[in-house]
Amino acid sequence: MMKTSAIPGFYKLGPEERVKIVKDFAGLTDDEARLLLSMHGLTLEVADRMIENVIGSIQLPLGIAANFLINNKDYLVPMAIEEPSVVAAASKAAKIARVKGGFRAYASKSVMRGQIQVVRVKDPYAAGQRVLSIRDKLLEIANSTNPTLIKLGGGAFDLSYRVLENTKRGDMLIVEIYVDCKDAMGANTVNTMVERIAPLVEDVTGGTVRLRILSNLATERLVRAWAVFDKEELGGEEVVDGILDAYAFAEADIYRCTTHNKGIMNGIIAVALATGNDTRAIEAGAHAYAARNGRYSSLTKFAKDTNGNLVGSIELPLAVGIVGGATKTNPIAKLALKILGVKSAQELAEVMAAVGLAQNVAALRALVTEGIQRGHMKLHARNLAIMAGAKLNEVDEVVNELIKSGQVTYDKAVEIINKLRKRTKSN
């Protein structure tokens, strides 16, 4: 039977039933399924090796976004996030996109840029030309730091320079090296390379090398995704027009655009967290890319086709990996990658871009129809009920009363719990 991510009523199932479906979809072992349910993926010993001064770990809920069809392949998408409604919203938008064939996505090669800052250079342009004259030697030295990457077909392949004139510290020569990192994010690889070639760069320029580090603005590592969202599934052409109006608002106003792009990153960062990728690098790169033309703008674009359907696209840099770092250290991250079934860093980036686009469509649809709070409210009420001390057999009733009252607050939850228990006691 062909695997499909379109699973009716998935959200209605209990965690054990969901894990069984995911287990069958992804070919997980019994031990891997048990690990998902155990809530104990990262041991203290492993955590202590990952960062300094470890005293424990913090958990986030791990959910599955269903219905994703990307480049004609079905995906169940693991998402780690604390915010209510995000996973459900992504699943809903993916379901709408399936009607018109799902998402198409394309990621460029996994190229990262390393930078070497040279200061106190008398003639930076001439110094830059001297660097280019030994380009092949510098690339050879850089590639000697990672023979495995070379065997895989990656490595440093080009080098250039820029001059930053009249900075607060005078003119600066910036030597930049370009590295195909294949299926790794590449930070350690690139940093090692620029550190190795920096002494020779310093010698040939006659200046002083300061910083030697990669850039997280990965403009050579772009991913694009696009889809057609059926107007009737969205709620009609009036909803499509509302989404276009909301998009125009984001393009025209930086205050709105910041929240607009935050909604996109809700989806992307949830997948990044689930798969053990560097969320800070992804966020920094995405927001810098949104401002690349001198003003902060939307990472997504929307239009209406001749039939009145919504056409959406997204473009952003995504420096992600499926090897190295926490992707292999954290057992849950390894499982998330197995559930996704991605075979390359590029494929992972394509999935993440599709999720970001889906998240944006879902958020805009909610905003122009019932408002964003309606989707959040029930889960928010559930969290408040638990915080206020509701027992498992009380939670549903407390949630219903909270929503009915229109006062979804902690104090109201406490009041409802006290009344419920008095009533139960008197009976």
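Work out the length of the dipole vector of the stretch 374-426 about its Cα centre, built from +1 on the beta-carbon of each Lys and Arg and -1 on the beta-carbon of each Asp and Glu, and round it to the nearest 20 debye. Mind showing how you got there, number by number?
Working: 11 positive and 6 negative charges, 25 e Å.
Result for the stretch 374-426 is approximately 120 debye, rounded to the nearest 20.
Give, rounded to the nearest 20 debye, the magnitude of the charge dipole that the chain has about its Cα centre when Lys and Arg contribute +1 at Cβ and Asp and Glu contribute -1 at Cβ. Intermediate values should be presented prior to the final figure.
Numbers: 54 positive and 47 negative charges, 71 e Å.
Value, rounded to 20: 340 debye.
Mean residue ellipticity at 222 nm, helices only, the chain: -16000 deg cm²/dmol; runs of at least 4 DSSP H residues each add -39,500 (n - 2.57), and the sum is divided by the number of residues.
Between GLU370 and LEU211, what length comes free when the chain is fully extended (0.36 nm per residue of separation minus the Cα-Cα distance, one decimal in nm)? Write down the numbers at each step before the final one.
Details: separation 159, 0.36 × 159 = 57.24 nm, distance 5.03 nm.
Stretched out fully, the GLU370 to LEU211 stretch lengthens by 52.2 nm.
Label-to-label distance for LYS304 and GLU195 is 5.6 nm, based on points extended 7 Å past Cα in the beta-carbon direction.
Separation of the alpha carbons by more than 23 angstrom is noted, of LYS3/LYS338; LYS92/LYS262; LYS304/LYS343; LYS262/LYS404; LYS3/LYS95, for LYS304/LYS343; LYS262/LYS404. Compared with the dominant Cα axis of the chain, that is its longest principal axis, helix 237-252 is turned about 40°.
When you count, for each residue, the other Cβ atoms within 10 Å and take the mean per peptide, how do 85-97, 196-208 rank with the highest first?
85-97, 196-208
With the Cα gyration tensor of the stretch 315-408 giving a ≥ b ≥ c as the square roots of its eigenvalues, does the rule (a/c under 1.5 for rounded; else a/b larger than b/c for prolate; else oblate) give rounded, prolate or oblate? Walk me through the numbers on the way to the answer.
Values: a/c = 4.11, a/b = 1.74, b/c = 2.36.
Oblate, since a/c reaches 1.5 and b/c is not below a/b.
Quickly rank 179-185, 163-169, 238-244, 16-22 as a protection proxy: mean count of other C-beta atoms within 10 Å, highest first. All intermediate terms of the calculation are to be shown ahead of the outcome.
Numbers: 179-185: 24.7, 163-169: 10.1, 238-244: 18.6, 16-22: 16.0.
In decreasing order of mean packing, 179-185, 163-169, 238-244, 16-22 become 179-185, 238-244, 16-22, 163-169.
Between the listed residues GLY153, ILE243, ILE141, the Cα displaced farthest toward the positive end of the dipole of the chain, a dipole computed from Cβ unit charges relative to the Cα centre, is found at ILE243. Shape of the chain from its Cα gyration tensor (a ≥ b ≥ c, root eigenvalues): rounded if a/c is under 1.5, otherwise prolate when a/b > b/c, or oblate? It comes out prolate by the Cα gyration axes.
Between rounded, prolate and oblate, where does the stretch 1-135 land on the alpha carbon gyration tensor, with a ≥ b ≥ c its root eigenvalues, rounded for a/c under 1.5, else prolate if a/b exceeds b/c? Could the numbers behind the result be given before it?
Details: a/c = 3.03, a/b = 1.66, b/c = 1.82.
The shape class here is oblate.
Here, P(r) means the percent of Cα pairs in each 5 Å bin from 0 to the largest distance; for the stretch 137-282 it is 2, 7, 12, 14, 14, 11, 11, 10, 7, 6, 4, 2, 1, 0. A full extension of the chain between ALA252 and VAL311 corresponds to an added length of 19.3 nm, given 0.36 nm per residue minus the alpha carbon distance.
Averaging the sequence gap over all C-alpha pairs within less than 8 Å and six or more residues apart, then dividing by the number of residues, gives the chain a relative contact order of 19 percent. Protection proxy ranking, highest mean first, for peptides 258-268, 358-368, 411-421: 358-368, 258-268, 411-421, where packing is the per-residue count of other beta-carbon atoms within 10 Å, averaged.
Taking a straight Cα-Cα cut-off under 21 Å and skipping sequence neighbours fewer than 8 places away in the same chain, the lysines within cross-link reach of LYS425 are LYS391, LYS412.
The gain in end-to-end length when the ASN293 to THR4 segment is fully stretched comes to 100.0 nm, 0.36 nm per residue minus the alpha carbon separation.
For the pair the stretch 271-336 / the stretch 1-57, the C-alpha centres are spaced 23 Å from each other.
FRET efficiency for the pair LEU132 and VAL99, taken as 1/(1 + (r/R0)^6) with r the Cβ-Cβ distance and R0 = 51 Å, rounds to 0.45. Note that the stretch 83-169 carries a Kirkwood radius of 17.9 Å, evaluated over its alpha carbons pair by pair. Rounded to the nearest 20, the Cβ-based charge dipole of the stretch 2-54 about its Cα centre (Lys and Arg +1, Asp and Glu -1) stands at 360 debye.
Using a Förster distance of 41 angstrom, determine the FRET efficiency expected from the C-beta separation of GLU82 and GLU238, and round it to 0.05.
That pair, GLU82 with GLU238, gives E of 0.80.
Note on GLU202 and LYS419: with the Förster distance fixed at 51 Å, the Cβ-Cβ geometry gives a FRET efficiency of about 0.10. The relative contact order of the stretch 111-214, computed from alpha carbon pairs under 8 Å that lie at least 6 residues apart in sequence, is 47 percent.
Read the figures in this text as sums done on the coordinates, not as results from a lab. Keep in mind that what you see is a predicted model, and the values were worked out from it rather than measured. No Cβ is skipped: glycine too gets one built from the backbone with ideal geometry, and neighbour counts run over all protein chains shown.
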